[in-house]
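Novice: The structure under discussion is supplied below as structure tokens; questions concerning it will follow.
The values are calculated or read from the model by the stated rules, or taken from the named source; none is laboratory data. Please read these numbers as outputs of a predicted model, since none were measured by experiment. All Cβ positions, even for glycine, are placed from backbone atoms using ideal geometry, and neighbour counts span all protein chains on display. Surface areas here come from the heavy atoms of the whole protein model, side chains and all, with no ligands, DNA or RNA. Shrake-Rupley method; radii C 1.70, N 1.55, O 1.52, S 1.80 Å.
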Amino acid sequence: MATNGEASDVYARMGVKKLINAQSWVTGLGGSLMRREVFSAMEEAGRYFVDMEELHDAAGRVVARACGAEAGMVTAGAAAGNMLMSAAVMTETDDVRIERLPDTSGMKNEILIFKAQRNHYDKMFEVPGARLVEVGMPNVARRYHLEAGLGEKTAAVAYIFAPFLKQPLTLRETSEIAHARGIPVLVDASAMVPPIENLTRFVREGADMVTFSGGKGIAGPQNSGLLAGKTELIRAARKNYMNPASARASVVRAAKVSKETIVGLVTAIELFLDSDHSAIWNDWRVRAEYIVDRIRGIPGIRAVVEEEPNRQGPQPVIYFEASWKGPSPESVRKLLREGTPPIHVGRGGYRDEINVVMVNVQKGEEKIIAEALDRILRGSQDSNRPSKA
Ligand SMILES: *Cc1c(COP(=O)(O)O)cnc(C)c1O
């Protein structure tokens, strides 16, 4: 099942089950799998000492180039990216302010966020001492909401891209409004690559800083991330991360990255940029269609391959129609999780659906998934067949 080690039983020795991850790059299932080249680069990096500032400079240039930005740096994930962006806009490169965080009295310390974009990870912006201030209504926002929200204490506007998350104003409109007042825009686009075009898209659309996870679609170390943007802001983020001039470590020190992680992410970025993305996309589609074909013709089940932008690549989506007589989507997910091997699939989307996210489904695993779905869905419709449902 594993692509990176043939008969590896390291998990078995610890009494931990391996599983099939058809739920995307979720941290709870281990994120993504690094390629061999990434492991060997990390192993090599671990054999020598280097000046970490020099390594960060070099890695930052790779991140900047990949994102089409003036500057970049490696972070301990996109959550850490949010912390660093927030710290950077509040302190800029001022030693005194950097040392004072998370006490932000006397600083611009408010970060605006659309009410419709509140999310699981936005608290990270508050860790260095900023306060999130909501603008707009639960599902919409108008230009005047944002304009009225910008004030004396506004340090930045946060803008989040994530599957199924609303974009009340476009990033271009948001940037235009914020920039007219000299206020930077910070983008969390953690899980937005692939498609590869998104690496450069947000800077082009006005982001002053943008962060991506290294351990999601880029398949670098799980605890890595990219942060790219304007030179002065990246300088401020770097100084917050590690300030050689300071007597005390800053609050962002808690998000440390190792030399092995930095080298691993740089290697993963280079592999990602060199990949044949349309071949990978097609392979996901072919294997998604295989699953859909296997579960065709079950009364009350509508299974289709969808690949619109909210989907992370082509994926089977299973809709349960009103006429469906079998187990609920949640029960099906539970049966899949409790099988051998355990299979984790996605939920949510537009309705109470099951989606099979292909990005982490290893070659051949689509057969195991199709077999399990077929058994659970069809079995529950056919009393002559043995069924676990
Ligand atoms: C996954 C995710 C994060 C966290 O990213 P890490 O790299 O795991 O720290 C932050 N923001 C959004 C929108 C995410 O989807």
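Novice: Compute the accessible area per residue over the stretch 153-256, keeping the other protein chains in place, probe 1.4 Å, unit Å². Numbers along the way, then the final one.
Specialist: Values: 3800 Å² over 104 residues.
Ligands and nucleic acids excluded, the figure is 37 Å² per residue.
Novice: How far is the Cα center of the stretch 106-134 from the Cα center of the stretch 293-343, in Å?
Specialist: 36 Å
Novice: How tilted is helix 277-294 with respect to the longest principal axis of the chain? Cα atoms for both, answer in degrees (0 to 90, nearest 10).
Specialist: 30 degrees
Novice: Right, another one. Probe radius 1.4 Å, ligands and nucleic acids left out: which of VAL286, VAL133 has the largest accessible area, and how do the rest follow?
Specialist: Values: VAL286 95, VAL133 35 Å².
Listed by decreasing accessible area, they come as VAL286, VAL133.
Novice: Here's another thing I want to ask about it. Roughly how big is the stretch 36-273's charge dipole about its Cα centre, with Cβ charges of +1 (Lys, Arg) and -1 (Asp, Glu), in debye to the nearest 20?
Specialist: Details: 28 positive and 28 negative charges, 103 e Å.
With only Lys, Arg, Asp and Glu charged at Cβ, the dipole is about 500 debye.
Novice: Here's a follow-up. Excluding same-chain pairs closer than 8 in sequence, count the lysine pairs in the stretch 36-273 whose Cα atoms lie under 16 Å apart.
Specialist: Details: LYS108/LYS153; LYS115/LYS123; LYS115/LYS166; LYS230/LYS239; LYS239/LYS256.
Going through the stretch 36-273 pair by pair, I get 5.
Novice: Mind ordering 207-213, 165-171, 255-261 by average Cβ neighbours within 10 Å, highest first?
Specialist: Details: 207-213: 29.6, 165-171: 17.1, 255-261: 19.6.
Final packing ranking: 207-213, 255-261, 165-171.
Novice: Counting only other residues whose beta carbon sits under 12 Å from that of TYR11, what net charge do I get with K and R as +1, D and E as -1?
Specialist: Numbers: positive: ARG13, LYS17, LYS18; negative: ASP9.
Neighbour charge sum, excluding TYR11 itself: +2.
Novice: Using only Cα atoms, locate the centre of the stretch 246-278 and the centre of the stretch 143-215, then give the distance between them in Å, rounded to an integer.
Specialist: The two parts, judged by their Cα centres, are 22 Å apart.
Novice: Around ILE20, what is the net charge, scoring Lys/Arg as +1 and Asp/Glu as -1 over all other residues with Cβ under 11 Å from its Cβ?
Specialist: Working: positive: LYS17, LYS18, ARG337, LYS367; negative: GLU365, GLU366.
Result for the neighbourhood of ILE20: +2.
Novice: I'd like the antiparallel share, as a percent to the nearest 5, of DSSP beta bridges with both residues in the stretch 36-273.
Specialist: 40 percent
Novice: One quarter of the convex hull surface, Cα atoms only: what value does that give for the stretch 157-280 in nm²? The partial results should precede the final answer.
Specialist: On the way: hull surface 36.3 nm².
Spelled out: convex hull of the Cα atoms, projected over all directions, averaged, 9.1 nm².
Novice: What do you get for Rg/Rh over the chain if you use C-alpha atoms and the Kirkwood form of Rh?
Specialist: Numbers: Rg = 22.7 Å, Rh = 22.4 Å.
Here Rg/Rh amounts to 1.01.
Novice: Can you give the convex hull volume per residue for the Cα atoms of the stretch 235-350, as a whole number of Å³?
Specialist: Working: hull volume 23.7 nm³, N = 116.
Dividing the Cα hull volume of the stretch 235-350 by its residue count gives 205 Å³.
Novice: Moving on to the next point. Based solely on its DSSP helices, what 222 nm [θ] is calculated for the chain when runs of n ≥ 4 H residues each add -39,500 (n - 2.57) and the sum is averaged over all residues, nearest 500 deg cm²/dmol? Intermediate results must be reported in sequence, preceding the final value.
Specialist: Values: 13 runs with 144 residues, N = 389.
So the calculated ellipticity at 222 nm is -11000 deg cm²/dmol.
Novice: Follow-up question, since we're still on this one. How much of the accessible area of the chain, probe 1.4 Å, is carbon plus sulfur, in whole percent? Walk me through the numbers on the way to the answer.
Specialist: Details: 9430 of 17990 Å².
For the chain, the apolar C and S fraction of the accessible surface comes to 52 percent.
Novice: Give me the lysines in straight-line cross-link reach of LYS367: C-alpha distance below 20 Å, same-chain residues under 8 apart excluded.
Specialist: Correct list for LYS367: LYS17, LYS18, LYS334, LYS388.
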